[in-house]
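Let me begin by presenting the structure, written as structure tokens, before commenting on it.
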Amino acid sequence: MRKIIFALLAAALSMSLSAQEPDLETITKTRANKADSLTAMMAKVYATQAAMNHPTAEARATLLKAFEETLNLDNQDEDFKEGNALANEYYKISQDMKNRSGIVLNRKAYTQALLERYNDTTVTMSTNDEARAINVEARHLIEGLTALHKDSAAAIAQADLINIKTDSLSRNMGRFFGLQLQSANKKKGRSESQVARLFEGFNNAIGIDENNKPLVDGHMLGNDFIGLHQNIKKQLGLNIKKEIFDNAIKEVLNDAKVPTIDDFNDLNAKTNAYFKETQTYAKENSPEALAQKGLGKKYIENLLATDASYTKTQSGLVYKMITPGKGKKFEANDKIKVMYKGTHVDGKTFDESKQPITFAPSQVVPGFREALLMMSPGAKMIAVLPQDLAYGARGAGKDIKPFETLIFEIETIGLDTDEKAKAEGKASPAGAKKTALKAQPADSKKTAVKAQPAKKSSAKKASSKKVAGKKSASKRKK
């Protein structure tokens, strides 16, 4: 009777645990819901800033019309959209220059220089060197123009010089983007027809009335969705929906209320927080992550089922002590001479020490640390580290993928009595390929929308937000 009760309890526990594990369908729906919520929140941040900058009904109507026109470019091919985005990049730079330094760029000079540089195949200087030279020239021109604009009397007296310098700066920036476009097209291997479509997209957006700010802002707002979609897809593996973005923009801009800077800052902070949450969930539940977690789980389950010499600790570490060693167990800050070999669950080696390496348990990832603290001098162990006791979501370099379960063969030779090593509190990896054991700091996460302090003006303008770029590379050392 007791056996039956225990069997029923075990079955109930098993059902309970499996019920807690969301299935693929649930994860897919949750990812989609988070993407939809994030899209609406981001759109409202963009729209709130636009509403602050354009408080009148007439200006908002112009902005919304231009926004809709540009948003529908999402139906165009990628080359056309990239050309459109290139033109919108000019408008962003132009507005920023005007707001910061009073510099009014010459669009015609910019466009002409972009096309000339793009078509120039005689340049022998390396791309990086040429880009650096252009940037140095631009910096000097901006500094000179800013100084002239600071003194209104001098600006009036030297209007011709300002025009000359402004034209030079416009051509300088055009050359830079022409260079970047030429390099990008070579890397992507665009055909002549694709290049032609790109310039169609560019010409479609570069010819609007630059002095009509609601019109320009509307085009840029629509173009923001295209860039946003690409970035969120790349960063989170999520698809954001055009109709959700569109509806959220209209909801804010069709409201007669003019938002305050406090409204903007509050919404922006909430959006940043939600982006971080979504970023974590998306990464931990991506198809690649789920596949790696599944491989590790299956490996450990099979190991425990087929080899009774393995033990599973409360933390989830699975190990087999081959040789127990002699003496007392190591402590967290001991400097230990270790030989090890690290392999993936498929048996392939990713790291191996060729001679003893000295480090402390406190310096390595949690699973390796736990293994060392169970060992004495002369011990040998095979330790299987589930992903959460190894490198988790970070992975390590090119060899260890995020959420990967790792296997280590560990041999402890003994305490390192080298006084120099003790004084330094560490030792070099003497012959190891990469010392893939080193503990790593948590990932730094960039947020989706980055607010900048709003400028005080009659329209109470808030400055631009930017979608986060690539995540910073994980550091191997603590």
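We did not get these values from a lab; they are worked out from the coordinates using the rules stated. Bear in mind that the values here come from a model prediction, so they are computed numbers and not experimental data. With ideal geometry, Cβ positions are generated from the backbone for all residues, glycine too; neighbour counts draw on all protein chains shown.
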Relative packing of 304-317, 33-46, which averages over residues the other C-beta atoms within 10 Å, highest first: 33-46, 304-317
From the cross-link list Lys34/Lys241; Lys81/Lys242; Lys329/Lys380, which pairs have alpha carbons spaced over 19 Å apart? none
So how long is each side of region 293-424 along the principal axes, counting just the alpha-carbon atoms, biggest first, in Å? 45, 33, 26
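I'd like to compare 202-212, 382-392: which one has the highest average count of other Cβ atoms within 10 Å, and what's the full order after that?
Packing proxy ranking, top to bottom: 382-392, 202-212.
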Table column - 3J(HN,Hα) (Hz), region 86-102, Karplus curve with 6.51, -1.76, 1.60, x for Gly and Pro: 5, 5, 5, 5, 4, 4, 5, 5, 4, 5, 5, 4, 5, 5, 7, 10, x
So if R0 is 45 Å, what FRET efficiency would Arg139 and Lys65 give, r being the distance between their Cβ atoms, rounded to the nearest 0.05? 0.75
Please list, short to long, the whole-number percent of alpha-carbon pairs of region 24-284 in consecutive 5 angstrom bins beginning at zero. 1, 6, 11, 14, 14, 15, 14, 13, 8, 3, 1, 0, 0, 0
Once you order the gyration tensor axes a ≥ b ≥ c over the Cα atoms, which shape class does region 46-99 get: rounded for a/c under 1.5, otherwise prolate or oblate by comparing a/b with b/c? oblate
Rounded, prolate or oblate: which fits region 230-292, taking a ≥ b ≥ c as square roots of the Cα gyration tensor eigenvalues, rounded meaning a/c under 1.5, else prolate when a/b beats b/c? oblate
When all alpha-carbon pairs of region 149-224 are counted, what percent fall beyond 22 Å? 50
Per residue of region 401-409, what does 6.51 cos²θ - 1.76 cosθ + 1.60 with θ = phi - 60° give for ³J(HN,Hα)? Whole Hz please, x for Gly and Pro, Karplus curve as stated. 7, x, 6, 8, 7, 10, 10, 10, 9
What FRET efficiency comes out for Ala196 versus Asp388 if R0 is 41 angstrom and r is the Cβ-Cβ distance? Round to the nearest 0.05. 0.20
Quick one: which residues, 5+ away or cross-chain, put their amide H under 5 Å from the amide H of Met375? H built at 1.01 Å from N. Phe330
At R0 = 51 Å the Cβ-Cβ FRET efficiency linking Lys354 and Ala57, nearest 0.05, sits at 0.10
When a footprinting reagent is the concern and you count Cβ atoms within 10 Å, what order do Val195, Val338, Val365, Val345 take, fewest first? Val195, Val345, Val365, Val338
Relative to the compact-globule estimate 2.2 N^0.38 Å (N residues), the Cα gyration radius of region 266-335 stands at a ratio of 1.83
Rg over Rh [alpha-carbon atoms, Kirkwood Rh] for region 116-258: 1.05
